[in-house]
Amino acid sequence: MRKLPLGRKAAHLTADKKRPQGRQVMWEAIRAIRTFTIQDLEIKTNITQGTLRTYVMGLQRAGYLDRQEPERKNNRYGPVRWTLINDVGVEAPRVTRDGRHVTQGRGREQLWRTMRIIGQFTFHELAVQASTEELVVAPGEANFYCQYLHRAGYLVCMEKGGPNKAARYRLLKTRYTGPQAPQIQRVRQVWDPNTEQVVWTPEGQTDE
């Protein structure tokens, strides 16, 4: 197992710089512009209009954006504009096209935030502290996430685990890279959306 240099990205993640994807890119542009058209967002993000329109419609239906009907001038209608009316912070809202909130991935976001607050923890303690009435984090999910963040160097092991004893971890202050939770991708590598870098891959897997 090995960590990757923080200044280096996997080739498959840097191959196409012309069309960045993801709700976070769109949300950051919306927060920066505040009032915008789809064309404004396309210029700002270089993301396709179809992708932008789907996310914008979802945000509007979920109550984050207000739609302003186009003005008519010289028998022509201008573009539709939207205004951000519910700025919930840096993390992009996860919504479907019809405005429903997506819960997938929220558990790890809650784990990541909680790690920074509670100091030392076992995965059992972390799961309890990270759970809310709306979303309960399973101990198995917390254990899985802790193992990978430890491998990637975010967590330091304070006490080793053993039979009937869970390991204790602590989040290194120097490895808190931002509010977005590091992601464990399908190929079991760790991707940090705050730095936009792959920070760990399994032994034998290259970043080329």
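Exactly one residue out of Arg186, Arg116 is in contact (Cβ under 8 Å) with a residue 40 or more places away in the chain and loosely packed, with under 12 Cβ neighbours inside 10 Å: that is Arg116. Filtering segment 80-98 to residues that are surrounded by 12 or more Cβ atoms within 10 Å (Cβ to Cβ) and either out of contact with any Phe, Trp or Tyr (no Cβ under 9 Å at 6 or more places or on another chain) or basic (Lys, Arg) (or both) leaves Val80, Arg81, Arg94, Thr96, Arg97. Taking the numbered list (1) in contact with a Gly (Cβ under 6 Å, 6 or more places away or on another chain); (2) at pLDDT 95 or above; (3) farther than 16 Å from Gly119 by Cα in turn, Gln147 passes all entries but (1). Of the residues contained in segment 151-158, none is found to be closer than 20 Å to Glu91 by Cβ, surrounded by fewer than 20 Cβ atoms within 10 Å (Cβ to Cβ) and without any contact (Cβ under 8 Å) to a residue 40 or more places away in the chain.
Among the residues of segment 43-70, just one is surrounded by fewer than 17 Cβ atoms within 10 Å (Cβ to Cβ), touching a strand residue (DSSP E or B) at 6+ places or on another chain (Cβ under 7 Å) and either in a loop (DSSP other than H, G, I, E, B) or assigned by TED's automatic domain parsing to the domain that holds Asp192 (or both), namely Pro70. I need a count of the residues in segment 100-158 that are of a type outside the set (A, V, I, L, M, F, W, C), part of a helix (DSSP H, G or I) and under 15 Å from Gln180 (Cβ atoms). Here the count works out to 9.
When Arg188 is tested against (1) outside any loop (DSSP other than H, G, I, E, B); (2) more than 18 Å from Arg113 (Cβ to Cβ); (3) in contact with a Pro (Cβ under 9 Å, 6 or more places away or on another chain), exactly one condition is not met: (1).
Results for (1) touching a residue at least 40 places away in the same chain (Cβ under 8 Å); (2) closer than 30 Å to Leu171 by Cβ, shown as yes or no for each residue.
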{"position": "Thr45", "(1), (2)": "no, no"}
{"position": "Asp66", "(1), (2)": "no, no"}
{"position": "Leu84", "(1), (2)": "yes, no"}
{"position": "His101", "(1), (2)": "no, yes"}
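Select, from Glu71, Glu133, the only residue that is without any contact (Cβ under 8 Å) to a residue 12 or more places away in the chain and more than 22 Å from the chain's Cα centre (by Cα). Among Glu71, Glu133, only Glu71 is without any contact (Cβ under 8 Å) to a residue 12 or more places away in the chain and more than 22 Å from the chain's Cα centre (by Cα).
Ala181 satisfies every condition listed in (1) buried (at least 19 other Cβ atoms within 10 Å of the Cβ); (2) touching a Lys or Arg at 6+ places or on another chain (Cβ under 7 Å); (3) farther than 24 Å from Pro93 by Cβ except (3).
The values are calculated or read from the model by the stated rules, or taken from the named source; none is laboratory data. Note that the structure is a prediction, hence the values are computed from the model and not measured. In this analysis, Cβ positions are derived from the backbone assuming ideal geometry, glycine residues included, and neighbour counts consider all displayed protein chains.
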